[in-house]
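Trainee: Mind looking over this structure? Questions follow.
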Amino acid sequence: MKMNLRQNLVKAGFLSLIILVQACSTVPLVGRKQVSLLPESNMVEMSLTSYSQFLKENKLSANKEQTDVVKRVGARMAAAVEKYLKDNGYQDRVADFKWEFNLVDNKEPNAWCMPGGKVVFYTGILPLTKNDAGVAVVMGHEIAHAVARHGNERMSQQMLVQFGGIALSEAIKTKPEETQALFQSAYGLGTQYGVMLPYSRQHEYEGDKLGLIFMAIAGYNPNEAVGFWERMAANSAGKTPEFLSTHPVEQNRIEAIKSFLPEAMKYYTGK
């Protein structure tokens with residue numbers, strides 16, 4: 001009996017290893033291998049459901065000028081992302097994207113991008129972005145998370161922990177509420193969905209690096225990122241020491257961004 005149990009455990013471990021190896025993909029530009037157990041087409045489908053629900057529960061901003069800024073920058077950033085990915089053989093990363101940019105009336109300084117190119121800014125972040133280039137800093141970073149499939153990666157990790165790595169289709173069928181809640185928390189769509197699964201520091205730095213390149217291609221000066229994060233640092237209260245957080249503290253982030261700037265500036269033409 002013990003032998004059978006041991007054999008089953010070995011088989012299960014071997015099967016999990018095979019799943020992890022087969023599920024590995026490469027993050028554009030940075031070249032890091034990541035585990036993505038979830039088909040991106042399914043992630044996009046789930047994002048449409050969550051996105052539609054979010055828009056029903058949240059009020060769009062009535063400020064036309066601010067809304068136009070988000071949409072204007074969004075259009076340029078989307079074109080830049082598609083160009084960069086096509087030029088580097090990663091066009092499949094946005095094959096299912098149908099870009100959409102919205103501004104919601106919310107005082108929190110926040111923004112996010114879901115699979116499929118659904119981007120939302122909160123009005124609370126605009127006093128910190130200041131201008132189009134500042135919006136591009138935030139938007140580039142958030143789009144980078146989606147393009148790099150960081151949400152898929154962290155949701156895959158959580159599914160391995162909670163469901164043992166079963167297929168997403170099976171999880172949706174047998175555990176629909178738990179799966180949807182996991183998706184919601186992976187993309188942080190408000191506290192009503194529970195605690196957000198944090199991006200790792202590695203994800204944040206990758207988002208910064210890719211985001212700088214995207215904004216540069218779109219014609220926004222990447223140097224604007226330093227000023228934005230300095231304003232974010234000044235606005236932050238009760239900072240958490242970096243060793244207690246999955247996010248880099250602002251000063252470390254700013255220093256990392258400065259180290260990324262020479263590469264990003266190669267793509268900037270000053271349009």
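Trainee: I'd like to check something: does region 9-25 contain any residue that is under 30 Å from Tyr220 (Cβ atoms), at pLDDT below 95 and not basic (Lys, Arg)?
Mentor: yes
Trainee: Those residues that are free of Cβ contacts under 8 Å to residues at least 60 places away in the same chain and of a type in the set (Ser, Thr, Tyr), I need them from region 97-152; list them, please.
Mentor: Scanning region 97-152 gives a single hit, Tyr122.
Trainee: Additional query: Which of the residues spanning region 63-82 are over 23 Å from Arg149 (Cβ atoms) and not aliphatic (A, V, I, L, M)?
Mentor: Asn63, Lys64, Glu65, Gln66, Thr67, Asp68, Lys71, Arg72
Trainee: For region 30-50, does any single residue satisfy the condition of being at pLDDT 85 or above, in contact with a strand residue (DSSP E or B) (Cβ under 6 Å, 6 or more places away or on another chain) and under 26 Å from Val104 (Cβ atoms)?
Mentor: Among the residues of region 30-50, not one is at pLDDT 85 or above, in contact with a strand residue (DSSP E or B) (Cβ under 6 Å, 6 or more places away or on another chain) and under 26 Å from Val104 (Cβ atoms), which makes the answer no.
Trainee: Additional query: Can you find a residue that is modelled with pLDDT of 90 or more, surrounded by fewer than 17 Cβ atoms within 10 Å (Cβ to Cβ) and either more than 17 Å from Leu210 (Cα to Cα) or among the small types (Gly, Ala, Ser) (or both) anywhere in region 112-129?
Mentor: Checking region 112-129: at least one residue is modelled with pLDDT of 90 or more, surrounded by fewer than 17 Cβ atoms within 10 Å (Cβ to Cβ) and either more than 17 Å from Leu210 (Cα to Cα) or among the small types (Gly, Ala, Ser) (or both).
Trainee: Okay, next question. If you go through region 54-89 one residue at a time, how many are without any contact (Cβ under 8 Å) to a residue 24 or more places away in the chain and not acidic (Asp, Glu)?
Mentor: Adding up the residues that qualify gives 4.
Trainee: Could you look through region 72-108, keep only residues that are more than 30 Å from Ser236 (Cβ to Cβ) and acidic (Asp, Glu), and pick out the one that is modelled with the highest pLDDT?
Mentor: Glu82
Trainee: Sticking with this one: Is it true that Thr240 is farther than 19 Å from Asn88 by Cβ, at pLDDT below 85, surrounded by fewer than 18 Cβ atoms within 10 Å (Cβ to Cβ) and under 19 Å from the mean Cα position of the chain (by Cα)?
Mentor: No: the conditions fail for Thr240.
Trainee: All but one of (1) modelled with pLDDT of 70 or more; (2) in contact with a Gly (Cβ under 8 Å, 6 or more places away or on another chain); (3) among the aromatic types (Phe, Trp, Tyr) hold for Phe260; which doesn't?
Mentor: For Phe260, the failing item is (2).
Trainee: Yes or no: Ala148 touching a helix residue (DSSP H, G or I) at 6+ places or on another chain (Cβ under 9 Å), farther than 16 Å from Lys71 by Cα and surrounded by fewer than 22 Cβ atoms within 10 Å (Cβ to Cβ)?
Mentor: The answer is no for Ala148.
Trainee: Can you tell me which residue within region 78-103, out of those that are touching a Lys or Arg at 6+ places or on another chain (Cβ under 8 Å) and in a helix (DSSP H, G or I), is farthest from Val137 (Cα to Cα)?
Mentor: Here the residue is Arg93.
Trainee: Further, regarding this structure: Looking only at region 141-159, filter to residues that are in a helix (DSSP H, G or I) and touching a Leu at 6+ places or on another chain (Cβ under 7 Å); which one of those is modelled with the highest pLDDT?
Mentor: Ala144
Trainee: Residues that are at pLDDT 70 or above and buried (at least 19 other Cβ atoms within 10 Å of the Cβ): does region 182-203 have at least one?
Mentor: So far as region 182-203 goes, yes, one or more of its residues are at pLDDT 70 or above and buried (at least 19 other Cβ atoms within 10 Å of the Cβ).
The values are calculated or read from the model by the stated rules, or taken from the named source; none is laboratory data. Because the structure is predicted, anything quoted here is derived from the model rather than measured. Because the Cβ atoms are built from the backbone with ideal geometry, glycine has one as well, and the counts that use them run over all protein chains shown.
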